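Shown next, in C-alpha cells, is the structure this report addresses.
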Amino acid sequence: MKQMQRVSVRPRGRENYEIEIGANALDSVGRVARHTLAPHARRIVVVSNARVFSLYGAGVVRDLRAAGFNISHWLMGEGERHKNLRTAERALAFFSACKLERTDAVVALGGGVVGDLAGFAAAVYLRGIPFLQVPTTLLAQIDASVGGKTAVNTRDGKNLIGAFHQPRAVVISTETLSTLPPRELTAGWCEAIKQGAVGSRRLFEQTRRFLIAERMNETARSLERTHGRADELAGLIAAQCSFKAKIVADDEREDVGRTDARSRRILNFGHTAAHALEAITRYRRFRHGEAVGYGMLVAAEISQRLGMLDASELESLRVCVRLAGRLPRADDLDERALLRSIASDKKSVGGHVRWVLLERIGRARIVSGEQIPPRVVRCALRAALAANSGDKSEGN
C-alpha cells in the first residue's frame, strides 16, 4: 500500500480535521469514521448516487460495518438539477426514518453534487450532525469537499440556499479517478488550474506540468496504472487541498468586507460567468468545472482589457485550459441572457457584481463591477466563449 498523505484544515474557532489522500484510501473510511466520531456513535447513512455506489458502495459499507457502525444508504439522482430542496427533503426524511441521533453521522460518497447535498442535509438535520466527505471526482477532491460550504440550487440560481458545515474528515482515494469519464476529469483539472491561477505560480506550474505529462500517457484514466504516477497524482491533490485549506483557515465564511489576495472570495475566480453559463443552460450542458474553465477565460480577458494582466499571462492560462480537455460549445448561447444572469450573481455586494480578476498568474484582485465598462464585459465574454468552444457538434 502506498504511503498516505495528510493535510490538516484548521478553521479559526472550530475543530481541526484531516484530509487523507492515497491510492487505496477507501480502505480507511471505517477507521477514520471511528476515530473522528463520538465513541457512542452508532448509525451512519451513506449518501451517494447509483453509479458511484455501484462502484464503491459495497466496499465502503463493508468497511464502516467492520468498524462497528449500523449502515444504511440513500441514493440521489445524478447531476446539478437534483441538488435542490426537494431532494434535500427526501434525504432528511430518510435520516429520520433511520432514527439518526446527534452523535450519528452522514458519509457523502460521490462528487460535488453529492457532497453539497449530503453536507447541507447533515447541517440542518437536528440542527447539525457530523458528516464525512469521501469525494470520488477530481473536482470534489480538490475543491468541493474542502472548506465546509454546503448548499442546494433553486430556480433563481446555484447554491442560493446553504450552510457552512465543516466535515469531521475527508478521505480521498485516487483510485476513483480511474473510473471517471474524460469530461469529469476535464472539469476537475479546470478547478485545479483555477486554484493555481489565484494561489501561486508554483501551484499553477505544478498543475501545468502534470497535465502535459498526462497528455503523453495513453489516456487520463491510465494514471493509476502507470508506474510512479500515483504518488505524483496524490502529491498534486495534496498541494491543491493544502492551498485551499490555508484560505479556509483564514477566511472560513468568506467575509464580504475583505478584498485582499488571500480572501476566500478569490476562489470564485471564473465562477461569475460559470454560474451564468450553468443557469441559462439549466445545468444540462456543462459540468461545473467546464463552466469554470470558460469563466476563468472571461475573467482573464476582462483583466487583460483593463490593462491589469499581461497578454502573455492570458495566453498561459488559455493554453493550460486547453490542456485540461475539450470544453462543450458555448458560442451559441444567448449573450443577453448570459449578461442578465451575470448581473444577478449571488455574490454581488451593494448591487454590484464583484469580479475576481488577475494581476498575474498566482495573484488575484477583487474588483467591483461598477469599475468595469459593460462593453469590456461583453467583448471579453464573446472572445472567451468563441476561442475555447470545442467541436461545434457538441452542443448538448
Count of the stretch 4-16 residues which are within 10 Å of ALA245 (Cα to Cα) and at pLDDT 85 or above: 4
Whichever residue in the stretch 285-298 is farther than 16 Å from ALA192 by Cα and more than 17 Å from the chain's Cα centre (by Cα) and, among such residues, is modelled with the highest pLDDT: VAL298
Inter-residue pairs, beta-carbon under 9 Å, first in contact (Cβ under 8 Å) with a residue 60 or more places away in the chain and of a type in the set (S, T, N, Q) and in the stretch 232-260, second surrounded by 21 or more Cβ atoms within 10 Å (Cβ to Cβ) and assigned to a loop (DSSP other than H, G, I, E, B), 6+ apart: GLN240/VAL146
Residue match in the stretch 1-24 (condition: in contact with a strand residue (DSSP E or B) (Cβ under 7 Å, 6 or more places away or on another chain), assigned by TED's automatic domain parsing to the domain that holds ILE172 and free of Cβ contacts under 8 Å to residues at least 12 places away in the same chain): yes
All positions within the stretch 266-285 that are among the polar types (S, T, N, Q) and over 16 Å from GLY79 (Cβ atoms): ASN268, THR272
Lone qualifier among SER341, SER316, SER312 - being surrounded by fewer than 24 Cβ atoms within 10 Å (Cβ to Cβ) and either in contact with a helix residue (DSSP H, G or I) (Cβ under 6 Å, 6 or more places away or on another chain) or outside the structural domain of ARG363 (by TED's automatic domain parsing) (or both): SER341
Yes/no for GLY115 being surrounded by fewer than 19 Cβ atoms within 10 Å (Cβ to Cβ) and either out of contact with any strand residue (DSSP E or B) (no Cβ under 8 Å at 6 or more places or on another chain) or within 25 Å of TYR283 (Cβ to Cβ) (or both): no
Qualifying residues in the stretch 124-143 (those that are farther than 15 Å from GLY79 by Cα and under 9 Å from the mean Cα position of the chain (by Cα)) - the one surrounded by the most Cβ atoms within 10 Å (Cβ to Cβ): GLN141
ARG155 being of a type outside the set (Val, Ile, Thr), under 24 Å from CYS320 (Cα atoms) and either surrounded by fewer than 23 Cβ atoms within 10 Å (Cβ to Cβ) or not assigned by TED's automatic domain parsing to the domain that holds MET296 (or both): no
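Scan the stretch 159-175 and give yes if some residue there is touching a Ser or Thr at 6+ places or on another chain (Cβ under 8 Å), of a type outside the set (Phe, Trp, Tyr), under 19 Å from LEU277 (Cβ atoms) and surrounded by fewer than 23 Cβ atoms within 10 Å (Cβ to Cβ), otherwise no.
yes
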Spans of strands (runs of 3 or more DSSP E) in the stretch 52-164 with at least 2 residues out of contact with any Gly (no Cβ under 7 Å at 6 or more places or on another chain), at pLDDT 95 or above and under 22 Å from LEU177 (Cα atoms): 70-76, 105-110, 131-135
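Residue-wise test of (1) crowded, with 19+ Cβ neighbours inside 10 Å; (2) on the phi < 0 side of the Ramachandran plot; (3) touching a Ser or Thr at 6+ places or on another chain (Cβ under 9 Å).
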site	(1), (2), (3)
VAL60	yes, yes, yes
ARG65	no, yes, no
ASN70	no, yes, no
TRP74	yes, yes, yes
GLY77	no, yes, yes
ARG81	no, yes, no
GLU89	no, yes, no
ALA93	no, yes, no
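The values are calculated or read from the model by the stated rules, or taken from the named source; none is laboratory data. Everything numeric here is computed off the predicted structure, so don't read it as measured data. Positions of Cβ are backbone-derived with ideal geometry, glycine not excepted, and every protein chain shown enters the neighbour counts.
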